[in-house]
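These notes are about the structure you will find just below.
Bear in mind that the values in this text are calculations on the coordinates, not laboratory data. Nothing here was measured: the structure is a model prediction, and the numbers come from that model. All Cβ positions, glycine included, derive from the backbone under ideal geometry; neighbour counts span all protein chains shown.
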Amino acid sequence: MPRTPQSIAERRAVYAAELARGTDRFHEPRRQDCPWCGSRRLRTRLRTPDLVQRKPGTFVVDECGDCAHAFQNPRLTAEGLAFYQRDFEDDAQEPLLLRQLALRGRRGRHRLAARALLPHAEPESWLDVGTGHGHFPAAAKEIHPYTAFDGLDPSRRVEKARVAGRVEEAHRGRLTDRRVAERLRARYDVVSMVHHLEHTADPRAELRAAMTVLRPGGHLLVEVPDPESAFGTLLGKWWVAHGQPRHLHLMPLPNVIDELETLDCEIVATDSREPHAPHDLSGALALALGRALPDPDALWRPAPPSPLRHRLHRVLTRTAVPVLAVSSAVDHALAPVLRRTRFSNAYRVIARRPD
């Protein structure tokens, strides 16, 4: 349902009041050591503004010289995350070009992730952590028709997913909340975290909590962006997977494997080819176009746009769509080759909890 002018004006006033207090309070103190291994050998990987929503602020991603873990430093506080994440629940505030890229091929990739579990398990119950609108369970249900899928998410989107029939039970909260973990203890044959860990404040705590809700012998499926992808170096801040300011951690595959083995899990499968999402070049172009053609209706702008600015933005955005379509076609054409190289941009791990 479209927002009324009154609601837009009211929300603009809320943003103006928040920004008048400054953005320093949105950041924790800067770390001098790696949150994964404790090393103090840090280097700055990139500095970037918010390229998606164009909200104020500059964000730094540091990389550990010992374990290659990349992380936002200084990290956003819970209040900061809420501020920068808020409008991602509102499709009207997500840039159209980037939203179209995210939707293209998503169902197919979700089906492939669900299919990867077929040789290892026949689950009766499955919890999708960070499920959002429940798109992954909806696709996975096509591969596992006799499985009961539940969703967990801190936002109200999980409740909408239940109403839409994408999940059977909607759990609102975080897996690292002790009350949530205890309520769901040993309840699931499979727990999935598909592009979830990079958004969390403590990925290791998420993995430990997954062991709590898994039954003995259950399986954990994880998919995350690969910070060692050559696209990260080539595209820098324009690489979609850097995802600032919403991506807090980017973990190399060896780090995740080591952590799961520390939890006594058996690594039953890893894959850096199939999870590759062919949107690196088109995503960079969409970010650049969004930078050049900022949304005139953005709620954090101090004044509403003129009708002329609205029309100009609409015309230029429509003109950019064919260019974006060509770059997306190039991404898909190159994907069969790139996913076999260091340009692959994601990986999958399937681990089994010990009996």
3J(HN,Hα) from dihedral phi, the stretch 10-20, Karplus parametrisation 6.51/-1.76/1.60, rounded to Hz, x for glycine, proline: 5, 6, 4, 5, 5, 4, 4, 5, 5, 6, 5
Free-standing Cys, the chain [no other Cys Cβ under 4.7 Å]: CYS265
Prolate/oblate/rounded call for the stretch 158-201, Cα gyration tensor, a/c under 1.5 rounded: oblate
Anisotropy class of the stretch 108-165 from Cα gyration tensor, a/c 1.5 cut: prolate
Order of TRP126, TRP238 - criterion: other Cβ atoms within 10 Å of each residue's Cβ, fewest first: TRP238, TRP126
Partner lysines for LYS160 [C-alpha distance under 26 Å; skip if fewer than 8 residues away on the same chain]: LYS141
Diffusion coefficient, µm² s⁻¹, Stokes-Einstein with Kirkwood Rh over alpha-carbon pairs of the chain at 20 °C and 1.002 mPa s: 101
Under-5 Å amide H pairs with PHE343, H placed in peptide plane, nonlocal only: ALA230
Selected from PRO307, PHE59, GLY105, residue furthest toward positive end of dipole (the chain; charges at beta carbon): PRO307
Integer Hz, Karplus 6.51/-1.76/1.60 couplings in order for the stretch 213-218, x for Gly and Pro: 8, 7, 6, x, x, x
Highest-fluctuation residue, PRO154, PRO145, PRO56 considered, GNM on the chain with Cα pairs under 10 Å: PRO145
Gaussian network model of the chain, Cα within-10 Å springs - most flexible of VAL326, VAL129, VAL158: VAL326
Label zone at ASP177, where the point sits 7 Å out along the Cα-to-Cβ direction: the stretch 137-160 residues whose backbone N lies under 17 Å: 150-160
Global size of the stretch 232-355 as Cα Rg and Dmax, reported in angstrom: 19.7, 65
Taking only Cα atoms of the stretch 105-246, radius of gyration then Dmax in Å: 15.1, 45
Magnitude of the charge dipole, the chain, Cβ model with Lys/Arg +1 and Asp/Glu -1, debye to 20: 1180
24 Å Cα-Cα reach of LYS55 towards lysines, excluding residues that sit fewer than 8 places from it in its own chain: LYS237
